[in-house]
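Okay, so here's the structure we're looking at.
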Amino acid sequence: MCPLFIPLSVFPVLGPQLGTARCSSGHCAGNVQTGRCHLMVQPWAGRSGSTGLVLAGPDCKRPVHFYWWRGEEIIAHGHRKGRVDAVRYQINDTPHNQIRMSKQLPEFVPLDYSVPIEIPVMNCKPDKLPLFKRQYENAIFIGSKTADPYCYGHTQFHLLSEKLNRERLLRQNCADQIEAVYRANAIASLFAWTGAQAMYQGFWSEADVTRPFVSQAVITDGRYFSFFCYQLNTLALTAQADQNNSRKNICWGTQSKPLYETIEDNDVKGFNDDVLLQIVHFLLNRPQEDKSPLLEK
């Protein structure tokens with residue numbers, strides 16, 4: 001998988017709120033995805049020493065919320081006019097399925113890994129995006145409450161909404177945006193999930209993580225699948241905390257591939273074994289040994 005190096009200042013992008021996707025054949029992909037997830041997890045969960053999924057906490061359509069500060073702005077109106085205030089961001093996400101564990105997935109690279117390429121910095125204020133302004137309740141949630149022992153994310157499964165359908169983008173002459181849709185969903189969703197996990201363990205912008213937080217995601221429209229791994233290396237995102245921070249949050253991902261070519265008379269044509277094997281490989285990714293869930297003093 002190719003790495004997608006994400007500099008800290010690229011995250012002024014609100015995460016997608018995912019809806020139900022439908023396959024080109026007209027069958028609802030949501031129910032298929034739910035069944036597929038449970039069918040994949042159960043056999044491996046019963047095998048001692050395979051993945052530890054016997055200790056997993058699978059959930060369906062559980063929300064994920066993450067709230068953070070990034071950058072500053074001068075208040076233009078109201079009784080606080082003229083004051084400098086932090087820019088606040090909220091991601092509200094709803095993966096179709098998620099698997100959580102009591103132990104963390106192992107790191108891909110060291111916490112202070114130095115990215116070997118030059119990364120462009122793109123500063124983008126949210127109010128410049130063509131979105132309606134709405135008020136959000138600031139919340140942090142991994143899909144379960146803080147007392148849940150399954151507090152580390154293993155894998156999420158996401159269904160792209162119908163408005164991001166591949167055929168629709170092709171009709172709109174937006175073929176170059178097809179893979180960007182998969183990447184954007186994965187980066188925003190996994191950033192929110194790993195960030196929320198880290199905050200559940202007591203870390204935040206002024207008390208940065210002392211160990212990486214790793215999670216995986218499968219993004220699909222019901223036919224095409226793309227696979228992503230994410231490693232959160234820092235929460236120091238505020239203007240004050242990020243002044244001398246060299247850490248980078250990193251995402252690795254694949255191009256989307258079809259699970260099958262077409263369905264004719266309930267017969268699947270051109271089934272792609274490699275895509276199914278990639279899902280199995282994701283589920284086979286073992287958690288690491290327990291580390292202290294508390295901040296290191």
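Structure values in brief
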{"quantity": "Cβ-Cβ FRET estimate between Ser102 and Asn123, R0 fixed at 35 Å, reported to 0.05", "calculated": "0.35"}
{"quantity": "Per-residue ³J(HN,Hα) for the range 132-138, Karplus 6.51 cos²θ - 1.76 cosθ + 1.60, θ = phi - 60°, Hz, x for Gly and Pro", "calculated": "6, 6, 9, 8, 10, 6, 6"}
{"quantity": "Whole-Hz ³J(HN,Hα) from phi, Karplus 6.51 cos²θ - 1.76 cosθ + 1.60, for the range 253-263, glycine and proline x", "calculated": "x, 10, 6, 6, 10, x, 6, 8, 7, 7, 10"}
{"quantity": "Under-5 Å amide H pairs with Lys61, H placed in peptide plane, nonlocal only", "calculated": "Asn97, Gln98"}
{"quantity": "Estimated FRET transfer efficiency (Thr146, Asn244; beta-carbon r; R0 25 Å; 0.05)", "calculated": "0.20"}
{"quantity": "Selection from Phe141, Thr262, Met101 lying farthest towards where the dipole of the range 30-284 points positive, charges on Cβ", "calculated": "Phe141"}
{"quantity": "Within straight-line cross-link reach of Lys163, lysines at Cα separation under 22 Å, skipping those fewer than 8 residues along the same chain", "calculated": "Lys61, Lys128, Lys133, Lys257"}
{"quantity": "For the range 30-284, size of Cβ-based charge dipole, Lys and Arg +1, Asp and Glu -1, in debye", "calculated": "640 debye"}
{"quantity": "Sequence-distant residues sharing a close amide H with Leu235 (under 5 Å, placed H)", "calculated": "Val209"}
{"quantity": "Environment charge of Asn245, counting only residues whose C-beta is closer than 11 Å and scoring Lys/Arg +1, Asp/Glu -1", "calculated": "-1"}
{"quantity": "Efficiency of FRET from Cβ geometry, Leu284 and Leu111, R₀ 41 Å, rounded to 0.05", "calculated": "0.95"}
{"quantity": "Computed over the range 30-284, Cα set: Rg, Dmax in Å", "calculated": "19.7, 66"}
{"quantity": "For Asp221, distant residues with modelled amide H under 5 Å away", "calculated": "Leu160"}
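Bear in mind these aren't lab numbers, they're just calculated from the coordinates by the rules spelled out. Note that the structure is a prediction, hence the values are computed from the model and not measured. All Cβ positions, glycine included, derive from the backbone under ideal geometry; neighbour counts span all protein chains shown.
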